[in-house]
Amino acid sequence: MKGNNAEEKNKEENETKKKPIITKAKGMKDILSEEYILKDTFIKKARVIAKFYGFKPIQTPHIEKEELFTAALGEATDIVEKQMYHLKVRGKDKLVLRPEGTAPIVRSYVENGMHTQPQPVMLSYNGSFFRHEKPQKGRRREFQQLGFEILGTNDTINDALIIKTMSTILEEAAGLKTSIYLNSMGCEECRSKYKKELISYYTQNKKTKDLCKDCERRRKINPLRLLDCKEEKCIQTRQEAPQIINFLCDGCTKNFKELLEILDASDISYYLDHFLVRGLDYYSQTVFEFFVEEKNKEDEKEKTESPKKVLALGGGGRYNPLAEILTGRDIPAIGGALGVDRIISLMTKRKKSTSTPKVFFIQLGSEAKRKSLQTLELLRKSKIPTRHSLTKNSLKSQLKIASKLKVPYALIFGQKEALEDNIIARNMETESQEIIPTSKLIDYLKKKL
Ligand code: HAM
């Protein structure tokens, strides 16, 4: 008895000595084994696709000079204004954690003399990027991107090649159906005419009172940012705003038309989004974003074609002015980056939903057992996630497993059903049962599940 008391006292003392654990920093995430393996497999498959199209891998540092991004992304962008991680280091260098990958690629391309090699140069990269954003679903402070850049060419076929590479990766490496949203932001000349119209739209129509604080400020420094705001009231206010497509010069119109023709000829479908401007200042002409195809119910009811835009899985565009800003050289280029974390999270969700059983197959009697593999094959071929327990013989024990698995339907295949080519579908929630001819089983389940 004495020994036991001492042990308990010790345990209590240990409990009180325990320190609160040091948790990860806000907006960061541990990627545990299962997710790591999924991500690793996705990146490997993506690399094979990128290699086929001609991209060569590159890795640039996580730490860069601050001025690289302030010059490249624009002073009035969210990233430069409030999202960069500034490092406290010895010495005079102003260093930051990289918030994106395109400016570093342009720096590296020139610094390593890639502009003297045969053009274009096609590069791909993946790794962590850092933005001090408000953490929320699909938005982290450390996140991973898989990026593609084609430098040293103005040929529109490369705009299509970037879009094709990214959409193939989303479809084949991630198994995701996506929608592409496209716009042209024109060249400097088109944009300067457009900006004037935009400012006058917001001032003349007294729309400014309906803007959020950030937009009110952006209106004066960089009016294009008004189109990029995610605040509901700013989205409403821009509905009637002029569209840049009506301000494109002949050259930019020709380029955009050419891109659409290439995409049409390649069977790549897209939606035009005349307010798409992206959150970074270095873009000119083509801009695009990828969204997971998620038709919302209202759309289906109204039979409209436009799917619901949720989180962007990737985006990019042509950035012809960037090299000029950073290096004084004229290097036309196009690129895009995929958000790996968002892709992996969708893949995990899909994997879970396809591996969670939707039906439990129950067989009763020798005739049913003999024919059960045949019925199971029907379900397998139709990709209906199914569980069974063929060695069990009683209805009670098999129903018990079905309810433990929480499947919506149990399929009861008894002696009578086996002889008459029917099966009983039992709704596990309502306990109601229907007799279904085996030939109609798959259609029935597809409607119900
Ligand atoms: P971005 O649109 O800022 O473009 O980022 C590309 C993708 O990265 C987004 O579509 C999204 O999927 C993912 N992403 C961005 N921020 C976060 C975050 N906080 N948490 C999770 N995922 C995020 C760029 O970065 C350009 N450098 C792309 C580019 C390449 N343009 C030309 N070449």
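In region 71-96, of all residues being under 22 Å from residue 111 (Cβ atoms) and modelled with pLDDT of 95 or more, the one that is nearest to the chain's Cα centre (by Cα) corresponds to 84.
The number of residues in region 306-337 that are more than 8 Å from the ligand (Cβ to nearest atom) and at positive phi comes to 1. Against the conditions (1) farther than 30 Å from residue 242 by Cβ; (2) touching a residue at least 60 places away in the same chain (Cβ under 8 Å); (3) within 19 Å of the chain's Cα centre (by Cα), residue 166 satisfies every one except (1).
Does at least one position in region 48-55 carry a residue that is in contact with a strand residue (DSSP E or B) (Cβ under 6 Å, 6 or more places away or on another chain), in a loop (DSSP other than H, G, I, E, B), surrounded by 10 or more Cβ atoms within 10 Å (Cβ to Cβ) and not polar (S, T, N, Q)?
yes
Just checking, does region 121-133 include any residue being of a type outside the set (A, V, I, L, M, F, W, C), at pLDDT below 95 and surrounded by 13 or more Cβ atoms within 10 Å (Cβ to Cβ)? Yes, region 121-133 contains at least one residue that is of a type outside the set (A, V, I, L, M, F, W, C), at pLDDT below 95 and surrounded by 13 or more Cβ atoms within 10 Å (Cβ to Cβ). Does residue 179 count as more than 11 Å from the ligand (Cβ to nearest atom), crowded, with 19+ Cβ neighbours inside 10 Å and within 28 Å of residue 258 (Cα to Cα)? Against the criterion (more than 11 Å from the ligand (Cβ to nearest atom), crowded, with 19+ Cβ neighbours inside 10 Å and within 28 Å of residue 258 (Cα to Cα)), residue 179 qualifies. Mind listing whichever residues of region 406-428 are out of contact with any Leu (no Cβ under 7 Å at 6 or more places or on another chain), outside any loop (DSSP other than H, G, I, E, B) and surrounded by fewer than 16 Cβ atoms within 10 Å (Cβ to Cβ)? Once the filter is applied, which keeps residues that are out of contact with any Leu (no Cβ under 7 Å at 6 or more places or on another chain), outside any loop (DSSP other than H, G, I, E, B) and surrounded by fewer than 16 Cβ atoms within 10 Å (Cβ to Cβ), region 406-428 yields 416, 419, 420, 427. For region 147-176, the tally of residues that are among the charged types (D, E, K, R) and either within 11 Å of the ligand (Cβ to nearest atom) or touching a helix residue (DSSP H, G or I) at 6+ places or on another chain (Cβ under 7 Å) (or both) stands at 3. Of the residues making up region 1-46, those that are touching a strand residue (DSSP E or B) at 6+ places or on another chain (Cβ under 7 Å) and in a helix (DSSP H, G or I) are 43, 46.
Cβ separations smaller than 9 Å between residues 6+ apart or across chains give the following pairs from region 327-353 residues that are closer than 14 Å to residue 145 by Cα and in a strand (DSSP E or B) to residues that are of a type in the set (Val, Ile, Thr) and within 11 Å of the ligand (Cβ to nearest atom): 335/102; 335/105; 335/150; 335/162; 336/162; 337/102.
The values are calculated or read from the model by the stated rules, or taken from the named source; none is laboratory data. As the structure is a computational prediction, the values presented were derived from the model and not from experiment. Methodologically, a virtual Cβ is constructed for each residue, glycine included, from the backbone with ideal geometry; neighbour enumeration extends over all protein chains shown.
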